[in-house]
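The values are calculated or read from the model by the stated rules, or taken from the named source; none is laboratory data. Everything quoted here is computed from the prediction, not taken from an experiment. Neighbour counts run over all protein chains shown; Cβ positions are idealised from the backbone, glycine included.
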Amino acid sequence: MHLPRSSGLLCHITSLPSRYGIGDFGPAAYDFVDFLVKSGQRLWQTLPLGPPACENSPYSAYSAFAGNPLLISPDFLLHSAWVTPEDLQPLRETHRNPHAVDFPAVMPLKAQLLRKAWDGFRQQLSGLPSEAFLQFCRQHAHWLDDFARFEALTKAFGFSDWTRWPADVAQRQSSAVAYWDQQLSEEIQYVKFLQFVFDQQWSSLKQYANQRGVQIYGDMPIFVAHQSADVWANRGLFELDEAGQPTVVAGVPPDYFSETGQRWGNPLYRWSAMRADGYRWWVQRLRHSFLIFDLLRIDHFRGFEAYWEIPATEETAIQGQWMPGPGQELFDALQHHLGDLPLIAEDLGLITPEVNALLKSTDLPGMRVLQFGFGTEVDDYHRPTQYPAHSVAYTGTHDNDTLLGWYQHYRTDPNQVDVLSPYISELCGQRPGLSERPLHWQLIAAVMQSAANTAVVPVQDILALGNEARMNVPGLAKGNWSWRLHEGQLSADLSRQLFALTVESGRG
């Protein structure tokens, strides 16, 4: 898949301004689309939209298919007459810190509001489900039924560790599933309602963006959480023991981000079982994702060639080993069922010739990141002058520091040889007027004016924000994912500056 020359911004939904303590699919999301259009941008990249299973991380969801109800807009619930203005007041009171999401404060209040919306929805229809709701449930039954069961059972038992549920339901015995379907029928319907509303609101926002020439660029974690509907419903597809516990888990060896590696803890796929049924689960997962996104980045692409297998008993990722992934066979199966694959490969980290060969054979664009390009004089792989056309270029990703945060550390690191300054001087000499712009625009220009067909800039970088606006620190278990924009930051002047650079770079 070859992309046209274009650019866009990376901004997660939760980072949008909102009167309710967390970004959502409401008016600010539509305003962000308008900002992109006025700025000449044709892509909006978000982080994964699934329901987080651990520490609010969108990369650790308890479903590979479901959406996060926290992203549902209270304003649009009000417009549907399912809630009242008074119902919204408790959430408005969480809007005391416009720069960060207070997840512990927001989550119970949002849950309370969504319950009221469910009651209002049923009262509006005199207790009968709408045809649109029923059609949604039928269309998505292949994942929605098990997800709704899983969530209802989690609430009924008080925890999501399905290995500790009664053995018959943990093992999905048909009689147990039928019994709990009856016992929890209303809760199951409520969970499906939330997914219905999520789908309606997200589809409307995506349509609004698409009609204005903006494509939605999503992100998909390669792995899923152990305490998830996917693993509970498909035990045979994961490396688990007889009790349902992972025998080995996912992660990466020591690297740029961590001296002990990263022990993600996700159960690993039993690729032999997936191969036996033609990778059915992966086909369903990608088909569903392509309904939600126009483009999709697959996180940790190298795991399809070889993945880091860590014994579940190990506390760090050091004592792992590389194991072979499904390779080209998986992508052949996906293409057979789905046609052309609008995918971008996250090929960062330890990349071997074998991974590069897989990337070439799949013909997917890989990633280049400016912040990785100036560590040494000899390694210029991530330097903008070396970006190939068939790639997606970034100033930084959600895992990096902000551009200015990185630069501050770079220039004060006593062990760092300054490769960047002469590079910027040369760039400014080639581009009249660039030296008069602030440093962050010079660095963004280096990426935008590269040969890469696609350029993506985190919204924090066009705002010249420092380390305080970082979205995630890999290996840090708590305190991530909370950064937010506040109203007025995305100004008309900022839009004009971004538009000018976009046109200069041939991406308008």
Return yes when A148 is at pLDDT 95 or above and either in a loop (DSSP other than H, G, I, E, B) or more than 27 Å from V283 (Cβ to Cβ) (or both) and no when it is not. no
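Please go through the stretch 271-299 and pick out each residue that is free of Cβ contacts under 8 Å to residues at least 24 places away in the same chain and not hydroxyl-bearing (S, T, Y).
Matches in the stretch 271-299: A276, D277, R280, L291.
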Surrounded by 19 or more Cβ atoms within 10 Å (Cβ to Cβ) and modelled with pLDDT under 95, is that true of L91? yes
If a residue has to be in contact (Cβ under 8 Å) with a residue 12 or more places away in the chain and in a helix (DSSP H, G or I) to count, how many in the stretch 71-91 make the cut? 9
Determine, yes or no, whether S495 is of a type in the set (S, T, Y), out of contact with any His (no Cβ under 8 Å at 6 or more places or on another chain) and either crowded, with 21+ Cβ neighbours inside 10 Å or free of Cβ contacts under 8 Å to residues at least 12 places away in the same chain (or both). no
Of all residues being part of a loop (DSSP other than H, G, I, E, B) and crowded, with 22+ Cβ neighbours inside 10 Å in the stretch 29-41, which is nearest to the chain's Cα centre (by Cα)? Just the residue, please. Q41
Which count do you get for residues in the stretch 375-394 that are under 20 Å from V417 (Cα atoms) and crowded, with 22+ Cβ neighbours inside 10 Å? 1
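Residue-wise test of (1) modelled with pLDDT under 95; (2) among the basic types (K, R).
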| position | (1), (2) |
| --- | --- |
| Q215 | no, no |
| M220 | no, no |
| F257 | yes, no |
| G261 | yes, no |
| Y269 | no, no |
| R275 | no, yes |
Residues that are in contact with a Gly (Cβ under 8 Å, 6 or more places away or on another chain) and more than 25 Å from W44 (Cα to Cα): which helices (runs of 4 or more DSSP H) entirely in the stretch 393-508 hold 1 or more of them? 403-412
